[in-house]
């Protein structure tokens, strides 16, 4: 195994999960991410007496439920790590696993380069950056985000809690994305304009900024054809098509180890000195909207104000 890849896998298994010998772990992967799954499994198997590798065919979209045997294995394990092509973060399977007490992390769309870049970091320092953001935004009735690219949006958290994605998932039922590093909330409503000038599916790094207009917590206009088409396709498969256009999340990046955007939403949304806003499902992060999509867009160089006061953002 490549030394950098092994070191990243060790960070995930040992530093982030804190896995010990008498705990069980399920490593969940798919056909396209098998080399990463195997690298993580090799480290996990050296650490634990009860490690299992589960592989299934590549899905078709983010938020699609994994096969039932995979969901059962996640739910029954003490810990899980899931490097997959499409995200299972916002699935009922993942939610059921953590509710049953399994702790773990998903790594949606992960590549070897992103794994190495995002996990070559001090996760205690990342956790401290998440805490710093949280102290400045918790309890605020209004969060305003502006940026040189044209973003100007106000979100209202209401009584919904802010979450800290520190990457340290050592307690039963705790959960994170890896690479990690953000503090986020699912707003009750939002109004304004988002101009994504960083990263967004299906493009990766956007060539032209994507302008998204939001009214009363719903996306009402999207300038980019690719993004618009992905939302329309999800709406066709949704029980409630309007749910797809829900403004689902505001997140503030806190991974101080990420020096530049790479075109991976998984990594770039965590970059210190950025924010991201997501559209679609928020039921798994403190909201009440279920949708078959959760699509994040990264905004560069933001200013974030909590009840009118600019907060201090971490920097790489």
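Check the range 219-240 and report whether any residue there is touching a residue at least 12 places away in the same chain (Cβ under 8 Å), surrounded by fewer than 19 Cβ atoms within 10 Å (Cβ to Cβ), on the phi > 0 side of the Ramachandran plot and over 12 Å from the mean Cα position of the chain (by Cα).
no
Taking strands (runs of 3 or more DSSP E) that do not extend beyond the range 9-116, which have at least 2 residues that are touching a helix residue (DSSP H, G or I) at 6+ places or on another chain (Cβ under 9 Å) and buried (at least 24 other Cβ atoms within 10 Å of the Cβ)?
It comes to 24-30, 79-84, 103-108.
Does residue 184 count as buried (at least 16 other Cβ atoms within 10 Å of the Cβ) and at pLDDT below 95?
So residue 184 does not fit the description; no.
Can you name every residue in the range 146-176 that is crowded, with 23+ Cβ neighbours inside 10 Å and closer than 17 Å to residue 296 by Cα?
Listed by number, the residues that qualify are 151, 153, 155, 165, 176.
Name the residues in the range 133-145 that are crowded, with 16+ Cβ neighbours inside 10 Å and either modelled with pLDDT under 95 or not in a strand (DSSP E or B) (or both), would you?
133, 134, 136, 137, 140
Inspect the range 97-115 for any residue being over 15 Å from residue 273 (Cα atoms) and without any contact (Cβ under 8 Å) to a residue 24 or more places away in the chain and give the result as yes or no.
The answer is no; no qualifying residue exists.
For the range 158-180, give me the residue count where each residue is more than 19 Å from residue 16 (Cβ to Cβ) and out of contact with any helix residue (DSSP H, G or I) (no Cβ under 8 Å at 6 or more places or on another chain).
Count: 4.
Has the range 113-121 got any residue that is at pLDDT 95 or above and more than 17 Å from the chain's Cα centre (by Cα)?
Among the residues of the range 113-121, not one is at pLDDT 95 or above and more than 17 Å from the chain's Cα centre (by Cα), which makes the answer no.
For the range 222-254, give me the residue count where each residue is under 24 Å from residue 142 (Cα atoms) and either modelled with pLDDT under 95 or not assigned by TED's automatic domain parsing to the domain that holds residue 209 (or both).
Matching residues across the range 222-254 total 0.
Any residue in the range 193-214 that is under 23 Å from residue 156 (Cβ atoms) and not assigned by TED's automatic domain parsing to the domain that holds residue 233 sitting within a Cβ distance under 6 Å of a residue that is at pLDDT below 95 and surrounded by fewer than 20 Cβ atoms within 10 Å (Cβ to Cβ)? List the pairs, counting only those 6 or more apart or interchain.
none
The values are calculated or read from the model by the stated rules, or taken from the named source; none is laboratory data. The shown structure was predicted, so the numbers you read here are calculated from the model rather than taken from an experiment. Note: ideal-geometry Cβ built from the backbone for every residue, glycine included; neighbour counts use all protein chains shown.
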